[in-house]
Every structure is written in structure tokens, then in C-alpha cells.
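Student: Take this structure, written in C-alpha cells, and hold onto it; I'll ask about it next.
Read the figures in this text as sums done on the coordinates, not as results from a lab. Nothing here was measured: the structure is a model prediction, and the numbers come from that model. Cβ coordinates were reconstructed from backbone atoms using ideal geometry, including for glycine residues, and neighbour counts include every protein chain displayed.
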Amino acid sequence: MSNLFRLEIDTNNLGNNEKGDLDFLSSLVNCTNLKRLDIRSNHFGGVLPESVSNLSIKLEDMRMGWNQIRGSIPSEIGNFINLRRIDFEENLLRGSIPSSISKLDKLIYLVLDNNQLSGTIPPSIGNLSFLETIDLMSNSLERQIPQSLGNCSHLIYLNLSQNILSGPIPLQVLSSLTHVAGLDLSRNQLTGSIPFKVGNMQSLEILDLSANMLSGEVPESLVGCKGLSSLYLRGNSFQGTIPQSLGSLRLIENLDLSCNNLSGGIPTNLGSFRLLQNLNLSHNDLEGSVPTEGVFTNRTAFYIEGNKRLCGGIPTLQLPICNSSNSNNKQDIFPWRKVLISIACGSGIGVILLLCFILLYPARKALRFVLLYLSSKARSKLTLGSSWEVSLLKVSCEDLLKATNGFSSRNLIGAGGFGSVYRGILNQEERIVAVKVLNAHRSRESFMVECETLKNIRHRNLVKLLTVCVSIDFQGNDFLALVYEFMTNGNLEEWLHFSAHRLPGAPIVQGHLNLTQRVNIAIDIATALNYLHNHSHMPIVHCDLKPSNVLLEGNMTARIADFGLARYVPDASCSLPSHRSTANVINGSIGYIAPECGIGNEVSTYGDVYSYGILLLEMLTGKRPTDEMFKDDLNLHNFVRIALPELVEEICDPVLLQIKESSTHSIASNSRNQVQDDQRQRVRKCLVIMASIGVACSADLPRERMDIGHVVDGLCLARDVLSGTSIRST
């Protein structure tokens, strides 16, 4: 098969964990066009045959993780100069990391975790300037972390945990890797203090330095890591007090400072962290009162054991009552302060009133602009209602500039022809938001459509518009922005197809969506469409439904976003109102557009249903509708339709076939097999239902497509079948 360019046999039961399992790789030497080799998650044993070094020079992707491969990584791997990904994790590889890897100047992913590699990390790894991920966790690598890692300027994720690395944390690594979102150096033998330059890592979201031998104080410069969500410093020898400045890290969800030598009081501002879910301050030498707000109201969310001089807190802690000698809140010994405070408050009220007028004026101007624009251009009979106008959060261009740190690239979530989306924090409410700044020259129509559409709809599965801002920027240009709730789990596109070019401000996607999660997300999307088509004040067609426009909350609830192409229709099947022209406009994205929705054609709810069908099939198969395998008469719709129902398991994403075994360990082998067989049957039935719905929704003829209300019912049935609670026939 000399033209073979991709061989994927991952996630099967191939191999016997024996010598010779990998001999078949020798036959691939003749495949001179091979670009991707994926044999992950099988039972391959033995060592890599020497013939591996003679594979195609065009090889870009080599994945062999989650097997029982022994031996060492061949030094000839440096010959594959086009490699972009090396994935050997979870094997039994020994020896050192070959220095020849430094020749792979196109490498983006280097994943060698959970092996038995030893020796040092080659300093020459710093030559790989395009590296975005380095994962060397759980090996036996030793000596110092090479300073040359600081040269990997595109690095996003660095994991060197669970090795025997020693020495200090290199200053150059922390000062140069400004795009790193995840840094894990835990469970090593690192010494010294945390370099002050850690504050340069402004994109950092996860920092784990636990279980080392680090000392000194917790650096105040951590406040520079404004996006930090998880900080783990457990099991070191840090001294001094907990910095009050940590109160600036408003995105913190997990904070572990336990098992150190920290002293002083617990900063009261820790109780004001709205996102903080897990706080561990146990086994230090803290004293004084325990706050009673925020995370400190949930006994299961914080730990303070091993601090013998604490007092107060919520009653369930059963700590001593604080008095003047052990409380952090000392009694005021300067009564004359009250006079000064009264004077300051009186003066402050006047200043606040003046500021309120100044700050609210741009918002009132923006709303008047929207009203005037809608009426003057006769875009719709609808106008912004007074109730909607009052409920809007009042923000100015200056507020959004400050919230996004000057629209910094480090806060960039998304970008496209419409403009850019940034993550930000509004100071007046300490609220995390997504700020969509539109290209005023190209997106004014889109801005008005989105305002008009979102002002009268409310649903748990639709993104919530918090406010708008129409103003003039500092260069005198029109400034148009929409402010939404921030979705902490990003968009569905990233979860289905992990991107090699993650934007700095976008959430880190970890793991795959299982079948239960995908069914629930599919139900959320269908429920939102059902509301738009059948239960809003006037039927609304989204016109651009695709995975990147489906956002996910922290609990994985899905919300449809981006209504820039949305349209009102008088009934569920008719065309656009006459005052909306669609000439020379493609209503949707390639691959998701219904056949009848070409340039200038009418749009209807049937088009949304088609897009939803394609999206559902993409969730089922893990393949985009624009995948290179789809050509001639083969498309995603036909690919699934031909497989129904007998071959549905062969075309679906292998992740969806995984069966949980944790609930069957305590029962006999025969019973366990019976339970697993029952689970497989339920999974298969669920997949068949989902595939059938996706195919029915993406039919070529609009009238043959499934009603969105019936889609919701069908997917709820699939969920019941999967959970084993269905009493209906399938």
C-alpha cells in the first residue's frame, strides 16, 4: 500500500504483550507516503524493531502510547525531521531521552510520561522553538531542569512532575515562558525559593510545585499570574505569612498551601473569592480568627487542621472563641479615627455621585445609539424595551479596556472575521465575562442582529448577553462590543478536536467527552433550538450552528452562542422578512449549511435542523464534516447512514465504547461479565438512536428532516436507555 498516508489502529485489543508484537511495523517501510501512525491503547509488547528508523521521512505523527513497549527510544528518531507529535506515554521504555530529538525542529508535542526513562533532560531540547506540550511526568529523570527550556517560547503545557529532578527552579524558565498555561514540577527534589519572575507568566492557569524541598516565602509576584485558577504548594518548607496580595487572584478555584511552615493569620480576602472551591491551609502555624465568608462557609471545601492557634470560624469547626489577644480583627484603639472616617465618607459620597454620572453616561449613550440605529434603518418593528435597558450592566469602553488588561493577547479566547473575544473581569462586580469586540467596519449588521435577537429571549441553554457597549475608541474609531457570561469549559469544538493552536486566554481542555456527556450536551442544544423555533415570541433561526458556537459551563451544560447571523421568521417554515436582504451572504459555515441555504436563498428552521444533524453526527463519530476522507459522494451523513444499524460501533468515536468497570469489582466473574454485556448493549442502543436522529435531521430535503421537538424526545430516550431507566421499547 505505497499510497497509505494514515494508519490508525488505536484503542483495540491487538497484541499479546509479548516479543514480536511490533514486527508488523517492518512492513510499513514501503509506505513512503505515511504521515500518521497511531497504535495507541492496545496490548503491544516487545521492543521497537530496528526497521522503525526506515519509516517514511514524511512521518508527522507517531503515537504508540498506552501499550507495553520495552527497550529504549531509538536515536534514529531524529531522522524524522517532519515529526510534529511524539506520543509514547504509559509504556515500559528505559534509557535516556535521545539528544537527536533536538533535530525535530517542527515538533509541537513531546509526550513521554509514565515510562522508566532515566538520565537528564537534554539541554538541546531548547532548540525546539515550536514545542507547545512537554510531558515527561513519572519517569526517573534527574539533575537540574535545563535553562534552555526557556527558549521554547510557544510552550503552553510543561509537566516534569514525579521525577528526581534537583536544584533550583531556573529563573530563565519562569521569566521567558509567558504563554505557559500549565506548569507542573511537583514531586521532585527541587530546592531554593520560587523565583520572583514567576509573575511574568501572565497566562498561567495551573501551577503545581508541591512535594519538593522549596523554601523562602510565597512570592508576592504571583499576583502577576492573573489567570491562575489552581495553585498547589503543598509539602514544602515555605515560611512567612500568606501574602494579602493573593486576594488579586480572583480566578482561583483550588489553593493548597498545606504542610509548610507558614505563620500569621488567614487573609480575610480569601473569603471573597467567588470561584474558590477547594482551600487547604492545614498543618502550618497559622493563628487568629478564621473567616466566615465565601469558601469558609462550606466545611467540606476548606481544611485548616494542624494549626493549633486558630479561633472563631463557623460553629461546626468547634474552635475557641476569639478574643482581643488572638483575633485578627483588633479593637480600634484610636477613637478619633471615627471622626476622620465620617468626614471621608461625606466627601466620598459626592465623589461617587460624580463618578456614577461619568461612568453611566457612555452606557446610556450606547443604548440610545442602538435605539436610534434600529429605528432609522428600519431593521425591525421591535425595539429595545425599557425593562431590558434597565437590566443591562452599565459599562464603558474604559471599563472593558481595564477588564481585559488592555485587550491583551494573553486574554484572547477567540478570533475571526467578526472581530475578537477576550476574557475579562469587570471590577464593579468582580465578574468574569467574555468581551466580544467587533470589527466596526464589517460587523455592524451582525452587532445589531445579535442585540435584536438576544434582547427578548431567555433560556438556560442560550448564552446570556450581559450588556453592550457602543462608543468611540482612543483612535476615534467606532467601538462595538458585546459582553457575555464567561463559560469556563470553552467550546465544544475544542473538546471534540483538541487544537494544536490554543489561544492564550482559552480554557485548557483535558480529557475526552464520554457518551453520557455527549448525550446531555446534544439534549441541551436541541432543547435550545426547540425554544428558538417553537417557544420564543417569534421563531428565530440561528443560521450558524456548529461546535465552536456551542459553549460549555463548568458543569458541562451547553449553551448556544453567536447570534450574529440569526433571523426572525413569521412561522416555522417561511423565508426571511422582506426588510432583511441576504444577497451575497452565506448563511452558515461550510460543512454545516443545509443544501437549500446557498447564497441569497431563503432561510428557515429546517436549515438549523440540518446543521444540528451534522453536529450530532460529528459528536458521534469524532469526525468533522470537512474531513479529508469525505469526497465525491461520501459525506458525513452518508458515512453514518450506510453503517446503520449493524456497523454503528465501527464508525463512532472509540472513546464512546469504553465501559466502566468500577461498579462490578465486588461481584463474581460471571455476574461481572453479564453486567458488562448489559452495559455494552445499552451503549449500542444509545448510539443507534443518536445516529438515526442525526441522519434524519441531515436529510437533503427539508420536509424529510426530523422535527426538533421530536429530536429532544428521542435523545431523552437515548439517555434513559444508556442509564438503564428506559421503560419504553427501543
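Student: Once you charge only the Cβ atoms, +1 for Lys and Arg and -1 for Asp and Glu, what is the size of the charge dipole of the range 618-661 about its Cα centre, to the nearest 20 debye?
Tutor: Values: 5 positive and 10 negative charges, 27 e Å.
Charge dipole, the range 618-661, about its Cα centre: 140 debye, nearest 20.
Student: Go through the range 80-90 residue by residue and turn each phi into a ³J(HN,Hα) via Karplus (6.51, -1.76, 1.60, θ = phi - 60°); whole Hz please, and just put x for glycine and proline.
Tutor: These are the phi-based 3J(HN,Hα) values: 7, 5, 9, 4, 10, 9, 10, 9, 10, 5, 6 Hz.
Student: If packing is taken as the mean number of other Cβ atoms within 10 Å per residue, what is the order of 111-122, 520-531, 625-636, highest first?
Tutor: Ranking the peptides 111-122, 520-531, 625-636 by packing returns 520-531, 111-122, 625-636.
Student: Now for a different question. Starting from 0 in steps of 5 Å, tell me what percent of the Cα-Cα pairs of the range 147-270 lands in each bin.
Tutor: Spelled out bin by bin, the range 147-270 gives 2, 12, 22, 27, 23, 10, 4, 1, 0 percent.
Student: By how many nm would the segment from I472 to S409 lengthen if fully extended, with 0.36 nm per residue of separation less the alpha-carbon distance?
Tutor: Computed gain between I472 and S409 is 20.6 nm.
Student: Under a 5 Å amide H to amide H cut-off, with H placed in plane at 1.01 Å, what residues pair with G71 once short-range neighbours are removed?
Tutor: R94
Student: With θ taken as phi - 60° and the coefficients 6.51, -1.76 and 1.60, list the Karplus ³J(HN,Hα) couplings across the range 226-241 in order, rounded to whole Hz; mark glycine and proline as x.
Tutor: 5, x, 5, 10, 9, 10, 10, 10, 4, x, 10, 10, 5, 10, x, 9
Student: Between S245 and Q318, how high is the FRET efficiency from 1/(1 + (r/R0)^6) when r is the Cβ-Cβ distance and R₀ = 35 Å? Nearest 0.05.
Tutor: Calculated transfer efficiency: 0.65.
Student: Quick check on the exposure proxy: order C451, C652, C716 from fewest to most C-beta atoms within 10 angstrom. Could the numbers behind the result be given before it?
Tutor: Numbers: C451 22, C652 25, C716 15.
In order of increasing Cβ crowding within 10 Å: C716, C451, C652.
Student: Sort E596, E450 by Cβ crowding within 10 Å, fewest neighbours at the top.
Tutor: The most exposed by this proxy come first: E596, E450.
Student: Also, quick follow-up: Label points 7 Å out from Cα along the Cβ direction at T557 and D105: separation in nm?
Tutor: Roughly 5.1 nm, to one decimal.
Student: If each of C716 and S75 carries a label point 7 Å out from its Cα toward its Cβ, how far apart are those two points in nm?
Tutor: Going by the 7 Å Cα→Cβ label model, 6.6 nm.
Student: Over 23 Å between Cα atoms, which of K226/K436; K106/K436; K226/K308; K35/K623; K58/K103 qualify?
Tutor: Values: K226/K436 20 Å; K106/K436 33 Å; K226/K308 32 Å; K35/K623 18 Å; K58/K103 15 Å.
Listed pairs above 23 Å: K106/K436; K226/K308.
Student: For F5, F44, what's the fewest-to-most ordering of other Cβ within 10 Å of each Cβ?
Tutor: Lowest count first: F5, F44.
Student: Whole-Hz Karplus ³J(HN,Hα) for the range 173-183, in order, using 6.51 cos²θ - 1.76 cosθ + 1.60 and θ = phi - 60°, x for Gly and Pro?
Tutor: Karplus-based 3J(HN,Hα) across the range 173-183 equals 5, 6, 8, 9, 7, 6, 9, 5, 9, x, 10 Hz.
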